[in-house]
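The values are calculated or read from the model by the stated rules, or taken from the named source; none is laboratory data. Note that the structure is predicted; figures quoted are calculated from it, not measured. Glycine gets a Cβ as well: all are built from the backbone with ideal geometry, and neighbour counts include every protein chain shown.
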Amino acid sequence: MPDQFKDFAEMTASVDPAAWEVEVRDGTGPWVIIAPHGGTIERPTDLLAQEIAGADLPFYVFRSLVLKKVANLHITSRNFNHDLALALLAQCDTAVAIHGSADTRRGDVTTQMGGIDAEAREAIARSLAAANFPTALASGRLAGDHPINICNRCRSGSGVQLEIPLTLRRQLRIDVDARSEFVAAIRRGLRL
């Protein structure tokens, strides 16, 4: 489904504020965890972002509270320009953005790794692979390599974008142990 809104300002001017919410934990430092398509857009990316952030990392979550069939609140990552997100990203060196993607094949569990920060991307990918979560280098629209992609709007100008397929997201939402290991693997990749 194509985006209904060109950016955050257009969305907020058109949509009832009760249809969405934002959760932010401010902070500065090397890492910030974000989920710009949380809630009913790309379930459960908001939960994963919060758990990856844990008690110590800053995070930003945009959460749609309505069904996609009612209103599509997805804003393409290049156009996602919420002032609270941008202000938080400006305080941190590197962002890790948690996204959801469609399965590339039935039962897909391979996380597509994107973003400009190749070193951090590869460190997270190695850690996920060591925990038996397969990864692949993202390409095309999932690559997250545009400079104004929300994951690259931090101090360093480079971040990481994880595109988690639907089958794996469903598994992680239900299986608490698998989710804990997935989260721990990402944190190990960040050397936390």
Problem - Where a residue in the range 98-126 is closer than 19 Å to residue 191 by Cα and its partner, wherever it lies, is of a type in the set (Ser, Thr, Tyr), with Cβ under 6 Å and at least six apart - result: 98/45; 113/135; 116/158; 117/94; 117/158; 120/94; 125/135
Handout entry: Selection count, the range 5-41, where residues are touching a Leu at 6+ places or on another chain (Cβ under 9 Å), surrounded by 15 or more Cβ atoms within 10 Å (Cβ to Cβ) and of a type outside the set (A, V, I, L, M)
Key = 10
Completion exercise
Counted residues in the range 88-109 being among the hydrophobic types (A, V, I, L, M, F, W, C), surrounded by 15 or more Cβ atoms within 10 Å (Cβ to Cβ) and in a loop (DSSP other than H, G, I, E, B) come to 1
Handout entry: Hits in the range 136-169 - residues which are without any contact (Cβ under 8 Å) to a residue 60 or more places away in the chain and either surrounded by fewer than 21 Cβ atoms within 10 Å (Cβ to Cβ) or in a loop (DSSP other than H, G, I, E, B) (or both)
Key = 136, 137, 138, 139, 140, 141, 142, 143, 145, 147, 157
Handout entry: Flag for residue 85 being surrounded by 15 or more Cβ atoms within 10 Å (Cβ to Cβ) and either modelled with pLDDT under 95 or over 17 Å from residue 40 (Cα atoms) (or both)
Key = yes
Handout entry: Selected residue [out of contact with any helix residue (DSSP H, G or I) (no Cβ under 8 Å at 6 or more places or on another chain) and of a type in the set (Ser, Thr, Tyr)] from 139, 127, 158
Key = 139
Completion exercise
Listed by first then second residue, the pairs whose first member lies in the range 66-79 and is in contact (Cβ under 8 Å) with a residue 24 or more places away in the chain and within 14 Å of residue 43 (Cα to Cα), whose partner is assigned to a loop (DSSP other than H, G, I, E, B) and aromatic (Phe, Trp, Tyr), with beta carbons under 9 Å and at least 6 positions apart or on separate chains, are 72/5; 73/5; 74/5
Completion exercise
So, first residue over 13 Å from residue 173 (Cα atoms) in the range 46-57, second residue modelled with pLDDT under 95 and surrounded by fewer than 23 Cβ atoms within 10 Å (Cβ to Cβ), Cβ within less than 9 Å, six or more apart or across chains; the pairs are 54/192; 56/27; 56/29; 56/192; 57/27; 57/29; 57/192
Exercise for the section: Examine the range 141-162 for a residue that is farther than 17 Å from residue 90 by Cα and at pLDDT below 95, and state whether such a residue exists. Expected result: yes
Practice task
State which residue is nearest to the chain's Cα centre (by Cα) when the search covers only the range 96-124 and only residues that are closer than 19 Å to residue 34 by Cβ and among the β-branched types (Val, Ile, Thr).
Solution key: 98
